[in-house]
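I'd like to ask some things about the structure below.
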Amino acid sequence: MIDKNQKNKLLEIVYFLNELFKIILYILLQIIFIPFAVVGLIFGLYKEMANSKKLGVSFSAGQALQYRWFMHYLDTRPDSISVAFTKNYPCESQFGLWTIMGALIISQRLFGFKTRLSKVAEPEEANLAAVSGSRVVMFDKIMEKYVDEMEQIVLLGAGFDLVALHFIEGKKAKVFELDQINTLNLKVETLKKAGIKHDWITYIPVNYANESWVEKLLEAGFDKTKRTLFLWQSVSLYLEADIVKETLRDVANLCVDGSVIAQDFYSKAYSLGEYSFIAKRNMSLIESMGEPAKFGIDMSHAPKVAVKLFLKECGLKMIAYIQFGEKLDIEPFYCIVEAEKL
């Protein structure tokens, strides 16, 4: 008769063999995908980079769509809207995405093989490799937290993020999205091609070189007397420090009591390409597309204090602070904050 210890050991062996079998199947499938993945990667990058330049839109804004696509098919964040949008977005290749991620997606769905990409890390446990998925989920949570109590929602530098379509349809809040003219025009055009309802959102194309985004927002019907959630995600990294401060001061001046701005910041070490080889490589790719990193907060000592002081300079008071990788033995590199007017 098998005793309890023997039974547990037997179960451990069965579990190990089962997991090993999954890994072997995945490797075999990945080997089959390799030649397609090489072609898909080259074709995908060419399409992303060439079409982004041709259409005059942000390369990094398009990259953000990929994470939402991955998360949908890996069942970490269902988002059929972003998938439909990506299929019609001219700067992305469905073939490239499937050839690169297909083996993992198929392996997970057929026999339950999972990697770290199959789970969204909690912010405090998210390293640089995990930050993209974790960031998406954190901004989702912020949107869910405030959507029912806010009268207006403003997405600054909205890019191709579809979070408003994901969470706000049918809500009472009036939604405004602002970005460069080419970016928003392409966004609306792609939404139409994908058959995605969007007419309840006010899109405000802005030429930042000679137009005031504040004036354009007010002209579009923004009401300074109403509680507003401002989302400013992954934009400050590419702006000069003076412009970041000016923008946040403008937001503070538009805020009424009860309004909130949710904002993220990268560290100075990251923006300078000194954080890691991977960070430097990523920033070099984006810089080659005309989007060099320009701004970061010095997070080498007391990062929470540093961010709090920076927000204070901009007329804002920090009310929530999330430091990514805080539980890991790594240098601080990224945070998300919530703030209100001083």
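The values are calculated or read from the model by the stated rules, or taken from the named source; none is laboratory data. These figures come from a predicted structure and were not determined experimentally. Here the Cβ positions follow ideal geometry from the backbone for every residue, glycine too, while neighbour counts run over all protein chains shown. Just the protein is used for accessible areas: all its heavy atoms, side chains included, with ligands, DNA and RNA removed. Shrake-Rupley method; radii C 1.70, N 1.55, O 1.52, S 1.80 Å.
Counting only GluC sites (Glu not before Pro) that sit in a DSSP loop (anything but H, G, I, E, B) with at most 16 other Cβ atoms within 10 Å, what is the longest stretch of the chain containing none of them?
1-148
Pairs LYS53/LYS216; LYS54/LYS280; LYS141/LYS171; LYS193/LYS216; LYS245/LYS268; LYS47/LYS268: which are spaced more than 20 Å apart, C-alpha to C-alpha?
Beyond 20 Å: LYS53/LYS216; LYS54/LYS280; LYS193/LYS216; LYS47/LYS268.
Computing the accessible area with a 1.4 Å probe over protein heavy atoms, can you report the carbon and sulfur percentage for the chain?
C and S fraction of accessible area: 57 percent.
Under a Cβ-only charge scheme (Lys and Arg +1, Asp and Glu -1), can you give me the dipole magnitude of region 80-236 about the Cα centre, in debye to the nearest 20?
Using Cβ point charges on Lys, Arg, Asp and Glu, region 80-236 gives about 480 debye.
Evaluate E = 1/(1 + (r/R0)^6) for GLN94 and PHE16, where r is the Cβ-Cβ distance and R0 equals 30 Å; express this FRET efficiency to the nearest 0.05.
E(calc), rounded to 0.05, equals 0.25.
Then there's this: Whole Å is fine, so just give me how far the alpha carbon centre of region 76-95 lies from that of region 159-220.
A separation of 18 Å, based on Cα centres.
If you take the square roots of the eigenvalues of the alpha-carbon gyration tensor of region 70-143 and sort them as a ≥ b ≥ c, do you get rounded (a/c under 1.5), prolate (a/b over b/c) or oblate?
Oblate, because a/c is 1.5 or more while a/b does not exceed b/c.
While we're here: Tell me the label-point distance for the pair GLU211, PHE43, using the 7 Å Cα-to-Cβ offset, in nm and rounded to one decimal.
3.7 nm
A further question follows. Using a 1.4 angstrom probe, figure out how much accessible area region 200-342 has per residue, in square angstrom, rounded to the nearest whole.
That works out to 48 Å² for each residue.
Let me spell out the model: positive unit charges on the Cβ of Lys and Arg, negative unit charges on the Cβ of Asp and Glu, origin at the Cα centre of region 146-222. What dipole size does that give, in debye rounded to 20?
280 debye
Hey, can you find the accessible area per residue of region 1-148 for me, probe 1.4 Å, expressed in square angstrom?
In whole numbers, region 1-148 has 56 Å² accessible per residue.
Please give the solvent-accessible surface of TYR146 in Å², to the nearest 10, using a probe radius of 1.4 Å with every protein chain present.
Counting only protein heavy atoms, TYR146 exposes about 20 Å² to solvent.
Compute the acute angle (0 to 90°) between the alpha-carbon long axis of helix 94-111 and the principal axis of greatest extent of the alpha-carbon atoms of the chain; round to the nearest 10°.
50 degrees
Could I ask something else about it? Between ILE243 and LYS197, what is 0.36 nm times their sequence separation minus the Cα-Cα distance? Round to one decimal in nm.
13.2 nm
Let me ask you something else. Calculate for the chain the 222 nm mean residue ellipticity that helices alone would give, adding -39,500 (n - 2.57) per DSSP H run of length 4 or more and normalising by residue count, nearest 500 deg cm²/dmol.
After summing the helix terms and dividing by the residues of the chain, the value is -17000 deg cm²/dmol.
Hey, another quick one. Using the Cα centre as the reference, give the magnitude of the dipole from point charges on the C-beta atoms of region 260-342 (Lys, Arg: +1; Asp, Glu: -1; all else neutral), rounded to the nearest 20 debye.
160 debye
Oh, and also: From largest accessible area down, sort PHE230, PHE111; use a 1.4 Å probe on the protein chains.
PHE111, PHE230
Checking the a/c ratio against 1.5 first, then a/b against b/c, what shape does the Cα gyration tensor give for region 96-254?
Cα axes put region 96-254 in the prolate bin.
If I ignore ligands, DNA and RNA and count only protein heavy atoms, how much of CYS255 is accessible to a 1.4 Å probe, in Å² to the nearest 10?
About 10 Å², ignoring ligands and nucleic acids.
On to the next question. Once the Cα atoms of helix 4-55 and of the chain are each reduced to a long axis, what angle between those two axes, in degrees from 0 to 90 to the nearest 10, is obtained?
50 degrees
In addition: Where does each of ARG135, ARG227 land when they are ordered by accessible area, with a 1.4 Å probe and the largest first?
ARG227, ARG135
Here's a follow-up. What do you reckon, how do PHE113, PHE333 stack up by accessible area (1.4 Å probe), largest on top?
PHE113, PHE333
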